[in-house]
1. Working only within segment 27-44, note down all residues that are free of Cβ contacts under 8 Å to residues at least 12 places away in the same chain and more than 16 Å from LYS149 (Cβ to Cβ).
2. Out of all the residues in segment 27-44, which are of a type in the set (Gly, Ala, Ser) and modelled with pLDDT of 90 or more?
3. Just checking, how many residues over segment 120-143 are among the aromatic types (Phe, Trp, Tyr) and either in a helix (DSSP H, G or I) or closer than 22 Å to ALA72 by Cβ (or both)?
4. Could you say which residue among LEU105, LEU24, LEU47 is modelled with pLDDT of 95 or more, under 17 Å from LYS149 (Cβ atoms) and either in a strand (DSSP E or B) or open to solvent by 30 Å² or more (accessible area, probe 1.4 Å) (or both)?
5. Is segment 81-99 home to any residue that is open to solvent by less than 10 Å² (accessible area, probe 1.4 Å) and more than 14 Å from ILE141 (Cα to Cα)?
6. Those residues that are assigned to a loop (DSSP other than H, G, I, E, B) and either touching a Lys or Arg at 6+ places or on another chain (Cβ under 9 Å) or modelled with pLDDT of 95 or more (or both), I need them from segment 67-102; list them, please.
7. Residue by residue through segment 121-149, note down the ones that are closer than 18 Å to ALA71 by Cα and open to solvent by 10 Å² or more (accessible area, probe 1.4 Å).
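The values are calculated or read from the model by the stated rules, or taken from the named source; none is laboratory data. In this text, all values refer to a predicted model and were calculated from it rather than measured experimentally. Here the Cβ is made from the backbone with ideal geometry for all residues, glycine too, and neighbour counts use every protein chain on show. Accessible surface is based on the protein model in full, side chains and every heavy atom, while ligands, DNA and RNA are left aside. Shrake-Rupley method; radii C 1.70, N 1.55, O 1.52, S 1.80 Å.
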Amino acid sequence: FLKLFLVPVLVIGAVVAVFLCHRLVEAASKNRLYANPQDIPPKKAALVLGCARTVANGRPNLYFHHRITAAAALFHAGKCEYLIVSGDNSRKSYDEPTDMQNALLELGVPESAIYRDFAGFRTLDSVVRARDIFGQTDLIIVSQPFHNKRAIFLAKANGIEAIGLNCKEVKSMAGFKTTFRESLARVKM
């Protein structure tokens, strides 16, 4: 009897948790997301959330490409003075911030305008470190819309005013996996 009762309760609880977390994140980011760098209000700095430059099979990671392209466009539009590139650098052979910096340099962003955060292991880390390490309490976050929404929620919860520049989404099986992963990340958050 306990199994028959407990399993449905757990399933319903999980569905409700995902739904509530989704609603909270959506509400926190309402009217704070921009699709075009020209439309976004200028800020001193933008935080570019990290990801790998390539996927497991060695092909370019479209999430990375779209974030870097959007960050460079934001900088060249004069909407920020500095870019903080925050990502994972937990292994000697893996360095998201340096990969991001190199890609931005290739797009004409000067090195003096790029600050690397080597301890952005999670979105929360990147957001809080933008405040605590880089002194930013009002910034632009650059990532895909699903990620920006969660980052803005985290920023708001940590006393940071943030808006987001949404870069291009990735449409593929990888995009589906990321959307599913994001649902779980919002609950964990």
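1. Result: ASN36, ASP39.
2. ALA35
3. Selection size over segment 120-143: 1.
4. Exactly one residue qualifies, and that residue is LEU47.
5. Among the residues of segment 81-99, at least one is open to solvent by less than 10 Å² (accessible area, probe 1.4 Å) and more than 14 Å from ILE141 (Cα to Cα), which makes the answer yes.
6. Of everything in segment 67-102, those that are assigned to a loop (DSSP other than H, G, I, E, B) and either touching a Lys or Arg at 6+ places or on another chain (Cβ under 9 Å) or modelled with pLDDT of 95 or more (or both) turn out to be ALA77, GLY78, LYS79, CYS80, GLU81, GLY87, ASN89, ASP95.
7. THR123, PHE134, GLN136, ASP138, PRO145, PHE146, HIS147, LYS149
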